[in-house]
1. Please specify each residue of region 525-561 satisfying the condition of being within 30 Å of the chain's Cα centre (by Cα), part of a loop (DSSP other than H, G, I, E, B) and either of a type outside the set (Lys, Arg) or surrounded by fewer than 18 Cβ atoms within 10 Å (Cβ to Cβ) (or both).
2. Would you pick out the residues in region 307-339 that are open to solvent by 60 Å² or more (accessible area, probe 1.4 Å) and either acidic (Asp, Glu) or more than 29 Å from Ile422 (Cα to Cα) (or both)?
3. Among the residues of region 161-192 satisfying the criterion of being open to solvent by 10 Å² or more (accessible area, probe 1.4 Å) and aliphatic (A, V, I, L, M), which is farthest from Ala237 (Cα to Cα)?
4. Could you tell me whether any residue of region 490-503 is loosely packed, with under 15 Cβ neighbours inside 10 Å and in contact with a Leu (Cβ under 9 Å, 6 or more places away or on another chain)?
5. Inside region 335-454, counting only strands (runs of 3 or more DSSP E) that do not spill past its ends, which hold 1 or more residues that are aromatic (Phe, Trp, Tyr)?
6. Determine which single condition Gly58 fails, assuming it passes every other condition in (1) open to solvent by 20 Å² or more (accessible area, probe 1.4 Å); (2) in a helix (DSSP H, G or I); (3) of a type in the set (Gly, Ala, Ser).
7. Of all the residues that make up region 340-351, how many are open to solvent by 70 Å² or more (accessible area, probe 1.4 Å) and hydrophobic (A, V, I, L, M, F, W, C)?
8. Considering only residues that are touching a residue at least 40 places away in the same chain (Cβ under 8 Å) and of a type outside the set (A, V, I, L, M, F, W, C), look in region 290-306 and name the one that is surrounded by the fewest Cβ atoms within 10 Å (Cβ to Cβ).
Amino acid sequence: MMSCLCARRFIVVALLLYTALATKAYPAIANGEVTLIHMGDIHGHLVEHPNVRSDAKGEALGGLARMYTLVQNIRRRHSGTTITVNSGDTVQGSAEALFTQGEAIITVLNRFGIDVDNPGNWDYLYGTEVFLQQFAGKAARFHGNAIAANLYYDGSPYANRTGERVLPPYWIKEINGLKVGFIGYTASRGPQAVKTEITSGFKLTEGEAEFPEFIHVLRDIKQVDVIVVISELGLAANIDLSNRYPGVDAILSSDMHETTPRAIHSRTGAWVVDEGQDGQILNEMTLRKRNGRVSLVSFQQHRVTMDIRPDPEIDALVRKVRAPFVAGPEFVPGRWINPFNGTRLMQPIDTIVGYTDVPLYRSNFSDETMPAVIEGASHDFLTDAFRSVAKTEVGVIRGFRYGTHVAAGPIKTEDIYHFIPIGPLIAKGTITGHQIHRLVDDSAYACLSTDVSMGWTGGWVAGLSGVTLDFDPYGGRLNYASNFRVDGAPMDETKRYSVAGYYYKEDPQQINRLRVRDVEVLLDSDGNPMDAVEVVSRYLASLPNRRVTKVNLGLNRFRLLRKLPAPAYGNREIQPLNGVPVEQ
């Protein structure tokens, strides 16, 4: 009997002729319009926070109560013709999400009336059993009809279901005379920075086989009028897939945190958009089916600005959800336990733990000084904290895309949790200079390769403290970084250097997923392991006046030798969406 994988490959081969001949003109089944309300990459953000990037200049944006006001406004303007989509990375990214394993966010979003959802890579953070409870089946705690064509059971502890899909691959809605089909894609990888067994028993694919398979199913078998892909594969990969497989009308993308003020038109005619991050943007897209053809009527990216009146019901619910975490009568020291390392939350998350003269964030566009894909002030700050408290030569962190923006002024505990929402401890050990070199080069290839579908593995270039280097984005694998210096001296690739970074007890010989020697977990004065957030708080306490300054936070540690390529599709980009070609 043919295996599931072989069967899928057979289907893809059989569909090649179909996809080659497909056009944007389909049988005229119905005429009408549908408006898609697209949110996603909320990353646990319940309330507003500043955007200090050049496109916002420090104004506060976001907040789920304001976002819901916008959702309701769009529903009123397009009465009876809207479908609300949430696309991925929902239950991770904040203290409230971490300590409740996502339930704080789910409680609020269940009031939004979300029609369909596709989970993101960080939605697996709390393990497969929690994921199933939150997203799978009729009793799912998140009420969003989660779909994912590229998510399968695979071995223990689900060996008897290996090869089956975890979630339905598609969802169909009949609305305003149209039959609208949604194909869902989760990310192609789980949370790689955390302990290795988080997605044990699941397999996530790149969507290469499933993309043409379900275009055929929805178009030819289910006879839908409009096909919408909702995908956490990332904007670049979604454009790439759409360019190669015709038949999709729109792609609502997530994962890369890009903004698309102008919808991108793929070579096969699909309209592709992304939705930023942290609940600061809401997309509104109206499609029209007429005479067998689907066209874009309008697209708008709404910024969730402070002049929008918060919805009273959602605002009250957000306050209720946050009350046990912020200063007030409902906060109980030690009540909340970190599900990853067992440490307890001992102070309200709105406690001020320091100050900064330098905005702390990582999201600059590719044409700006210190582009986020290469370096960010927030990661410079965090690695400084790890290195200082651990008293090592080097601090290290993966190039996470998630985080928050901290404007010049107070730093609160909740800001640090937005930067570190995945529950690591901090440990120190030793690694070689060669490992440091490979860390930079491997992470660079994983976000700059021109093979955007298969070469990219999520995130940006790793962050370092105590190290400076020259960086050529056109250098190619093993040639991106050069002129490494540790504490001002040339780095010896054979020498062992002391290093500090993320640590999980399930992988006792790894720091930041690097194999290390002489591992030692940082302990407090009582001999208890210190959560990474506590380590950063202690670092701030050690600074003069608890203040991050331009003097003690050295930026531009990676000297960029050549500018990144110009944007490929008319919108400013954080990460070059076609990758960066190798040029010597």
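1. If the condition is that a residue be within 30 Å of the chain's Cα centre (by Cα), part of a loop (DSSP other than H, G, I, E, B) and either of a type outside the set (Lys, Arg) or surrounded by fewer than 18 Cβ atoms within 10 Å (Cβ to Cβ) (or both), then Met530, Thr549, Lys550, Asn552, Leu553, Gly554, Leu555, Asn556, Leu561 are the ones that fit.
2. Those that are open to solvent by 60 Å² or more (accessible area, probe 1.4 Å) and either acidic (Asp, Glu) or more than 29 Å from Ile422 (Cα to Cα) (or both): Asp307, Arg309, Pro312, Glu313, Glu330.
3. Result: Ile175.
4. no
5. Numbers: elements: 352-356, 394-399, 409-412, 425-432.
The qualifying strands (runs of 3 or more DSSP E) are 352-356.
6. For Gly58, the failing item is (2).
7. The total comes to 1.
8. Checking each candidate, the answer is Asn291.
The values are calculated or read from the model by the stated rules, or taken from the named source; none is laboratory data. Keep in mind that this is a model prediction, so the values were computed, not measured. Cβ: placed from backbone, ideal geometry, glycine included. Neighbour counts: every protein chain shown. When the accessible area is computed, the model is the full protein with side chains, heavy atoms only, and any ligands, DNA or RNA have been set aside. Shrake-Rupley method; radii C 1.70, N 1.55, O 1.52, S 1.80 Å.
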